[in-house]
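Trainee: Below is one structure. I have some questions about it.
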Amino acid sequence: MSETAIPRDFYARDADEQALFLQETWCDNCQELNLGMSEPKEYELYGIIFIEGRCNKCGETVLTELTDDDF
């Protein structure tokens with residue numbers, strides 16, 4: 001496991017999967033579910049895959065940690 005983020009290609013995922021991850025979000029700043037995210041960046045850190053972007057409502061960072069349930 002690397003202590004450095006390893007970039008991954010979010011856009012290599014199929015369109016339906018991309019849409020799901022972009023819509024099903026939680027924003028800590030807004031305290032709201034499914035506001036959506038823009039500017040997604042996918043990476044792996046410590047063996048965990050993350051998708052990070054900007055909340056569509058407030059613009060703050062939104063972070064999704066992918067679990068085995070997501071695959």
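Trainee: How do the pairs read when you match residues in region 45-64 that are hydroxyl-bearing (Ser, Thr, Tyr) with residues anywhere that are assigned to a strand (DSSP E or B), using Cβ under 7 Å and keeping only pairs 6 or more apart or on different chains?
Mentor: Listed pairs, sorted by first residue: Thr61/Glu52; Thr61/Arg54; Thr64/Phe50; Thr64/Ile51.
Trainee: Same structure, new question: Being surrounded by 13 or more Cβ atoms within 10 Å (Cβ to Cβ) and either in contact (Cβ under 8 Å) with a residue 40 or more places away in the chain or over 13 Å from the mean Cα position of the chain (by Cα) (or both) is the filter; apply it to region 7-23 and report the residue that is farthest from Thr61 (Cα to Cα).
Mentor: Once the filter is applied, the top-ranked residue is Arg8.
Trainee: Would you pick out the residues in region 31-62 that are over 21 Å from Ala5 (Cβ atoms), of a type in the set (A, V, I, L, M, F, W, C) and surrounded by 16 or more Cβ atoms within 10 Å (Cβ to Cβ)?
Mentor: Within region 31-62, Leu35 is the sole residue that qualifies.
No lab work stands behind these numbers, since they all come straight from the coordinates. All of these numbers come straight from a predicted model, not from anything done at the bench. All Cβ positions, even for glycine, are placed from backbone atoms using ideal geometry, and neighbour counts span all protein chains on display.
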